[in-house]
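Written below as structure tokens is the structure these notes are about.
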Amino acid sequence: MRGLQRIKFALLGLLAIGLVACDAGVPQPNLAPAKAKAAQCVEPTADIRKNHMAYLNVHRDKTVIEGIRSTKHSLNECINCHVAPTREDGSAVHYTDEKKDHFCASCHTYVGVKMDCFQCHADRPEVTKQVNYQHKLSSNTYHLSAQTGQPSAQDWLLLSTPQGARQ
Amino acid sequence: MSQINAYRRKFLAALGGVAAAGLASGVIVREVKAASPDVPTRPEDQPVSNKVRWGMLIDINRLTDGGASMVEACKREHGWGNDPKASPEQQAQWMRTVKVTDKLTKHSFTLPVMCQHCEEPPCVDVCPTGASMKRADGIVQVNKHICIGCRYCMMACPYKARSFVHENLTDQRVHSPRGIGTVESCNLCVHRVDKGQLPACVEAAPQAVIFGDLNDPTSRISQAMKALGGSQIRADLSLNTGVRYLGL
Ligand code: SF4
Ligand code: SF4
């Protein structure tokens, strides 16, 4: 009888240790990058924690179907605020990385959520100077939205032709 | 012919005016990224309306490179054409140049072909999920959120305008999401048009391409089409395409 009691206590003890270990293992999402930019998220914290997916779902349909481009509930803005493009050592941060230190991955992994936003959407902000960020393209010309470089005669045509053709 | 000559004269006159302006100001200011007069801006929280129908008029004779620079601009804007694992046949192709030769006269020319933004799009008719869609303003695109990758639309499109993404991609363009298992095609740079900017390919060939609102009779494109026409590829299909050509 006593033996059984002992085993029970031992088991309980093990369970407790296990629980404590689990608790220590809860990953904390890194809120520092966002906190540096804004004191408050676009919605109250409790609300956005629970309902961010609903906000995103509504906004994605508004954007794709109706062309509404407001930034409040835009996934791009979440990424811009919460995800730093690189780690301190300069390596790229991706949602699928083993380290699971991408802002979104840190929670989703723990709660076992599978979503595929980042199969299509960029999972970190765009950084112009970072060569490994964008797909390399087989071209050496820049289109006119590039901010640098001298405009060609074609730029001037674009600026002028409305009046020219309307006369 | 006289119409064309008139058009050329206006074109040259415009060119002269610009050169003068450039000399007078002395300072070259690059304002092209800002809103274009051809694309009226819409408040960002307002939906698109069917009062507008976007269209494009491409003058093939003015495209000295047959549209190659337009294709490059599209690649750069949307990041397609260099997917790491795709074979050359599998690479996405939102826009391509096509060389046409008349068998009798041997006259040949090259033109850029992309989604023609049909008013009656077969790709929308066949889509089982509603992912292939036409926006109120006439832009045809794939809503990748609900595309199941069945590729019916690729089969239905008479212009071979659509591509399928076969592999996992990362670091896509922020403004142009594209990913495995979905179909994609030219969306008239919808992210730029919504900001009042011209599509990237139009910016790359301003001497040959006019973009604007086909529903507005005073727009530059409507005026040009009224004066010079604007033919459709495969007009026999009666799809009323939004992309029109001069010099076909
Ligand atoms: S050109 Fe093809 S993809 Fe574009 S609207 Fe027409 S059928 Fe659809
Ligand atoms: S591939 Fe996608 S967009 Fe094309 S028909 Fe199928 S579900 Fe629709």
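The values are calculated or read from the model by the stated rules, or taken from the named source; none is laboratory data. Values in this document were obtained by computation on a predicted structure and should not be read as measured data. Please note: Cβ atoms are built from the backbone with ideal geometry, for glycine as well, and neighbour counts cover all protein chains shown.
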Taking the stretch B:171-211 and the residues there that are at positive phi and away from ligand 1 (no atom under 16 Å from the Cβ), the one that is farthest from the other protein chains (Cβ to nearest Cβ) would be B:GLY196
Among the hydroxyl-bearing types (Ser, Thr, Tyr), out of contact with any strand residue (DSSP E or B) (no Cβ under 6 Å at 6 or more places or on another chain), more than 15 Å from ligand 1 (Cβ to nearest atom) and within 24 Å of B:ILE180 (Cβ to Cβ): which single residue out of B:SER69, B:SER87, B:SER49 fits that description?
B:SER87
Would you be able to tell me the number of residues in the stretch B:116-164 that are within 24 Å of A:ASN57 (Cβ to Cβ) and either more than 8 Å from ligand 1 (Cβ to nearest atom) or among the hydrophobic types (A, V, I, L, M, F, W, C) (or both)?
23
Condition test on B:GLN232, is it among the polar types (S, T, N, Q), facing chain A (nearest Cβ under 8 Å) and either surrounded by fewer than 24 Cβ atoms within 10 Å (Cβ to Cβ) or in contact with a helix residue (DSSP H, G or I) (Cβ under 8 Å, 6 or more places away or on another chain) (or both)?
no
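Look at A:GLU77 and say whether it is at pLDDT 95 or above and closer than 23 Å to B:ARG42 by Cβ.
No, not satisfied.
Anything in the stretch B:43-62 that is hydrophobic (A, V, I, L, M, F, W, C) and over 14 Å from the mean Cα position of the chain (by Cα)? List them, or say none.
B:VAL48, B:VAL52
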Being in contact with a helix residue (DSSP H, G or I) (Cβ under 6 Å, 6 or more places away or on another chain), within 16 Å of ligand 2 (Cβ to nearest atom) and in a helix (DSSP H, G or I) is the requirement here; does B:CYS201 meet it?
no
Test set (1) more than 14 Å from B:HIS117 (Cα to Cα); (2) surrounded by fewer than 16 Cβ atoms within 10 Å (Cβ to Cβ) - B:LEU246 fails condition number
(2)
Residue, nearest to B:TRP94 (Cα to Cα), within the stretch B:135-160, restricted to residues that are within 10 Å of chain A (Cβ to nearest Cβ), of a type in the set (Val, Ile, Thr) and more than 6 Å from ligand 2 (Cβ to nearest atom)
B:ILE139
Restricting to the stretch A:34-75, give me the number of residues that are buried (at least 17 other Cβ atoms within 10 Å of the Cβ) and among the polar types (S, T, N, Q).
2
If you take just the strands (runs of 3 or more DSSP E) that sit entirely in the stretch B:93-166, which of them hold at least 1 residues that are loosely packed, with under 15 Cβ neighbours inside 10 Å and without any contact (Cβ under 8 Å) to a residue 40 or more places away in the chain?
B:95-101, B:108-114
Just the residues that are at the interface with chain A (Cβ under 9 Å from one of its Cβ atoms) and among the basic types (Lys, Arg), please, taken from the stretch B:212-228.
B:ARG220
Within the stretch B:90-134, residues more than 14 Å from B:CYS157 (Cβ to Cβ), β-branched (Val, Ile, Thr) and within 12 Å of ligand 2 (Cβ to nearest atom) come out as B:THR129
